[in-house]
Amino acid sequence: MPLYVTAVDPDSPAQRLGIGPDCALLAVDGHPLADALDYQFYTTPAQFSLEICRNGGKETLTVEKGEYEPLGCNFKTYLGDEKHSCDNHCMFCFIDQLPPGMREPLYFKDDDERLSFLFGNYITLTNLSDREIDRIIQMHISPIFVSVHTTNPELRVRMLANKRGGEVLQYLPRLAAGGIELNCQLVLCRGINDGEELRRTLEDLLALRPQVGSIAVVPAGVTDYRKGLYKLQPYDAASAAETLAILEEYSTRCREQYGRSVVYPSDEWYLTAGRELPPAAFYDEFAQLEDGVGMWRLYHDSFLEELQNYRGLVLPHRLDVVTGTLAGPLIEQSMQALMARYPQVKVKVHPIRNEYFGGNVSVTGLVTGTDILKQCRGRLQSEVLAVPEVMLRDEKDRFLDDVTLPQLSRELGCRVVVIPTDGGGCCKACLGTHKRLTRTRRKPE
C-alpha cells in the first residue's frame with residue numbers, strides 16, 4: 001500500500017523536491033513501500049529513485065542527499081499505517097478477560113512485528129508471511145520478541161486457536177539462521193504446556209542458541225471475567241514449585257554451558273511457591289524485566305543501595321503507600337528497613353486486593369483507583385498517599401478504570417503523589433519531605 005505524506009520537514013530533501021501532503025510514496029528503486037520501516041530502510045542511501053503519486057499521476061524523482069540524512073516525510077502514524085492486530089484466540093489471553101466498560105484501546109490486541117522491534121512487544125508470528133520474514137532478515141530487524149508458549153505444533157494450534165499456530169514455528173529457525181536475535185516468552189497454563197511439554201519447548205528453543213538470547217516463563221493470569229473461555233486452573237504453591245524445579249534445572253545447565261541463565265522464571269513462580277528469589281547475577285542484564293522477570297530483585301537491591309547511600313536531609317513525616325498484594329511483602333520489608341534507618345519517618349503500606357479484575361491478579365500495575373478508594377477510605381495514617389507510577393496509564397494522570405489522581409485526592413481527603421516504580425527512586429521519594437515530593441494538584445474534573 002502507498003505511504004500517504006501528511007507533512008514534510010522544513011528545508012528537507014523532500015521539501016526541495018516539492019513533495020507535500022498531496023503526494024503518496026510508492027517505491028524506492030523499485031522496492032514497494034508498505035510502511036515506515038520500508039521507508040526508513042530504503043531512503044538511507046545518498047542517491048535513489050523515488051516513485052510517487054501526485055494529483056492522480058505517477059512520477060519518478062531522483063533523490064540526492066546525504067547518506068543517512070532523513071528524507072523528511074511524515075505520515076499519519078509513526079508506523080506509516082495502522083497497527084497489525086492479533087488473529088489468535090489464545091486460551092489464556094488476558095485481554096479476553098478484561099471487565100467491560102474500560103477504555104477502548106485497552107481491548108485492542110496487537111501482534112505487530114514492528115512494535116516487537118521498536119518496543120519489545122511480543123508477537124506470535126501467525127499473521128506474518130514469508131515476505132515479511134524475509135524483510136525482517138534483510139533489514140536485520142533485531143531483536144524480535146516472540147510468544148512461543150510451546151514448540152509442539154498441534155498443541156500450539158490448540159492454545160492459540162489458530163490453524164497457522166503450528167506451521168509458523170518454522171519461522172523460528174529461519175530467523176535464527178538469518179542472524180535475528182530472538183527473545184522468547186512462554187505463558188504456561190497448568191496441565192497443558194508445562195511438565196514434559198515445557199521440557200520439549202526449552203530443548204527446541206535452546207537448540208537455536210545463540211540467537212535465542214532469553215526465554216521468559218510466566219504463569220497465565222486468570223481474572224473473574226472468563227465466561228465462555230477455557231477453564232484455566234491457577235498455579236498453587238505445589239504446582240508452582242514443580243514448574244520452578246524444571247526451569248531452574250535448565251537455567252543451571254545454561255549457566256554452565258553458556259555463562260548465562262537464558263531461561264528466566266518470572267518472579268511469580270518464586271512468590272507462589274514461597275521461595276526466595278535468586279540474586280541479581282542470575283538475571284544477567286535483566287533482559288526480560290518488562291515481563292516481570294527479576295523485577296523484585298532489582299527493586300530490593302536498588303532500594304537498599306539508595307537507602308545506604310542517601311545523603312539528603314530527612315525531616316520527620318508520615319506517608320501512606322499503596323501497592324499490589326504480590327509486591328506487598330517486598331514493599332513492607334523495604335519500608336521497615338527505611339524506618340529502622342530513619343525512625344523519624346513513618347510509612348504505612350497498603351497492599352490492595354485486586355477486586356476489580358479478581359482471579360489471581362495481584363500485580364501492582366493492574367491495581368485500579370476503584371480498589372484503592374474502597375480499601376483506603378478511612379484507613380490512611382497520614383495526609384499524603386504515594387501511588388507507584390506503574391499503576392497509571394502512560395500519561396500518568398489516571399488509572400486503568402479512569403479514576404483520576406485529583407478524584408482520588410478529593411475522595412480520600414489527602415494529597416496524592418506519584419512515586420517511581422524502581423527501588424532507588426521509590427526510596428528517595430519516600431525519604432523526601434512533603435514539600436519535596438511532587439504534588440498532584442487538585443483540579444476540576
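The values are calculated or read from the model by the stated rules, or taken from the named source; none is laboratory data. Quantities reported herein were computed from a predicted structural model and do not represent experimental measurements. Neighbour counts are summed over all protein chains in view; Cβ atoms, including those assigned to glycine, are modelled from backbone coordinates with ideal geometry. We work out accessible area using only protein heavy atoms, side chains counted, and drop any ligands, DNA or RNA first. Shrake-Rupley method; radii C 1.70, N 1.55, O 1.52, S 1.80 Å.
Hey, does segment 366-379 have a residue that's part of a loop (DSSP other than H, G, I, E, B), closer than 23 Å to W296 by Cα and open to solvent by 10 Å² or more (accessible area, probe 1.4 Å)?
No, because not a single residue in segment 366-379 is part of a loop (DSSP other than H, G, I, E, B), closer than 23 Å to W296 by Cα and open to solvent by 10 Å² or more (accessible area, probe 1.4 Å).
If you check S409, S382, which single one turns out to be assigned to a loop (DSSP other than H, G, I, E, B), over 21 Å from D224 (Cα atoms) and in contact with a strand residue (DSSP E or B) (Cβ under 7 Å, 6 or more places away or on another chain)?
S382
What residue, of S239, S261, is part of a helix (DSSP H, G or I), among the hydroxyl-bearing types (S, T, Y) and modelled with pLDDT of 95 or more?
Residue meeting the stated conditions: S239.
Checking E196 against (1) assigned to a loop (DSSP other than H, G, I, E, B); (2) within 14 Å of I246 (Cβ to Cβ); (3) of a type outside the set (A, V, I, L, M, F, W, C), which single condition isn't satisfied?
The number of the failed condition is (1).
Would you point out which residue out of R200, R190 is basic (K, R) and out of contact with any Phe, Trp or Tyr (no Cβ under 7 Å at 6 or more places or on another chain)?
R200
On the given criteria, is T126 polar (S, T, N, Q) and within 25 Å of L247 (Cα to Cα)?
So T126 does not fit the description; no.
Return the total of residues in segment 242-267 being open to solvent by less than 60 Å² (accessible area, probe 1.4 Å) and of a type in the set (D, E).
Looking only at that region, the number is 2.
Here are some conditions: (1) under 19 Å from C90 (Cβ atoms); (2) in contact with a strand residue (DSSP E or B) (Cβ under 6 Å, 6 or more places away or on another chain). L229 meets all but one. Which one does it not meet?
Single failed check for L229: (2).
Pairs, please: C-beta under 9 Å, at least 6 apart or cross-chain, first residue surrounded by fewer than 16 Cβ atoms within 10 Å (Cβ to Cβ) and in segment 1-23, second of a type in the set (S, T, N, Q)?
T6/N74; A7/N74; D9/Q15; D9/N74; P21/T6; D22/N55
Return the only residue of G228, G178, G213 being over 16 Å from V148 (Cβ atoms), in contact (Cβ under 8 Å) with a residue 24 or more places away in the chain and not charged (D, E, K, R).
None of the other options fit; the residue is G178.
In segment 39-55, how many are in contact (Cβ under 8 Å) with a residue 24 or more places away in the chain, assigned to a helix (DSSP H, G or I) and touching a Leu at 6+ places or on another chain (Cβ under 8 Å)?
Going through segment 39-55 one residue at a time, the tally reaches 1.
Would you point out the residue of segment 268-287, among those that are in contact with a Gly (Cβ under 7 Å, 6 or more places away or on another chain) and either without any contact (Cβ under 8 Å) to a residue 40 or more places away in the chain or outside any helix (DSSP H, G or I) (or both), that is least open to solvent (accessible area, probe 1.4 Å)?
The qualifying residue least open to solvent (accessible area, probe 1.4 Å) is Y283.
For segment 213-239, name all the residues that are hydrophobic (A, V, I, L, M, F, W, C) and either surrounded by 22 or more Cβ atoms within 10 Å (Cβ to Cβ) or touching a Lys or Arg at 6+ places or on another chain (Cβ under 9 Å) (or both).
Correct list: I215, A216, V217, A220, V222, L232.
For segment 56-83: of the residues being outside any loop (DSSP other than H, G, I, E, B) and charged (D, E, K, R), which is nearest to Q15 (Cα to Cα)?
Restricting to residues being outside any loop (DSSP other than H, G, I, E, B) and charged (D, E, K, R), the top hit is E64.
Name the pairs: first residue in segment 320-336 and under 24 Å from G413 (Cα atoms), second residue aliphatic (A, V, I, L, M) and open to solvent by 50 Å² or more (accessible area, probe 1.4 Å), Cβ to Cβ under 8 Å, at least 6 apart or on different chains?
G324/V363
Can you name the condition, by its number, that L172 falls short on among (1) within 30 Å of F41 (Cβ to Cβ); (2) open to solvent by 20 Å² or more (accessible area, probe 1.4 Å); (3) not in a loop (DSSP other than H, G, I, E, B)?
So the condition that L172 fails would be (2).
From the list G191, G221, which one is within 19 Å of I95 (Cβ to Cβ) and in a loop (DSSP other than H, G, I, E, B)?
G221
Take segment 373-426 and flag every residue that is within 27 Å of Q344 (Cα to Cα) and under 19 Å from the mean Cα position of the chain (by Cα).
P388, E389, P420, T421, D422, G423
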